[in-house]
1. Enter the accessible area per residue of the chain (Å², integer; probe 1.4 Å; all protein chains in place).
2. Do the sum for the chain: with -39,500 (n - 2.57) for every DSSP H run of n ≥ 4, divided by all residues, what is the mean residue ellipticity at 222 nm, to the nearest 500 deg cm²/dmol?
3. 7 Å from Cα along Cα→Cβ at both residue 63 and residue 28: what's the point-to-point distance in nm?
4. By how many degrees, between 0 and 90 and to the nearest 10, does the Cα long axis of helix 15-25 differ from the longest principal axis of the chain?
5. How large is log10 of I(q)/I(0) for the chain at q = 0.17, 0.18, 0.22 Å⁻¹ when the intensity is taken from the Debye formula with one equal scatterer per alpha-carbon?
6. Using the alpha-carbon atoms, what tilt in degrees (0 to 90, nearest 10) does helix 42-53 show relative to the longest principal axis of the chain?
7. Looking at the chain, send over the antiparallel percent of its DSSP beta bridges, to the nearest 5.
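The values are calculated or read from the model by the stated rules, or taken from the named source; none is laboratory data. In this text, all values refer to a predicted model and were calculated from it rather than measured experimentally. Here Cβ is always computed from backbone atoms with ideal geometry, including for glycine, and neighbour counts include all displayed protein chains. When the accessible area is computed, the model is the full protein with side chains, heavy atoms only, and any ligands, DNA or RNA have been set aside. Shrake-Rupley method; radii C 1.70, N 1.55, O 1.52, S 1.80 Å.
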Amino acid sequence: MSREILNARRLLCPLPVIRTQDKVKGMQPGDQLEVIGTDPGVMQDIPAWCRINGHKVLETQAHDGEYMIVLEVGG
């Protein structure tokens, strides 16, 4: 299992989701991806994308205008 970080700061919808999708394509089931963004929309958009695509949201945090989501890549 690996854990990678995706810097989606200063990107506006839909770019954080597109970058997340592109990153996940190169990862294995069980890997974790930490997405960090500054667009508050990522807190709804990425979990919705995960539900549709079979990935699991492990953690979400909002702090000082940054939003962090950790997801586990599904099979």
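1. Values: 4420 Å² over 75 residues.
Each residue of the chain exposes 59 Å² on average to a 1.4 Å probe.
2. Details: 2 runs with 23 residues, N = 75.
It lands at -9500 deg cm²/dmol.
3. 3.0
4. 20
5. Once normalised to I(0) and log-transformed, intensities are -0.52, -0.59, -0.90.
6. 20
7. On the way: 13 of 19 bridges.
About 70 percent, rounded to the nearest 5.
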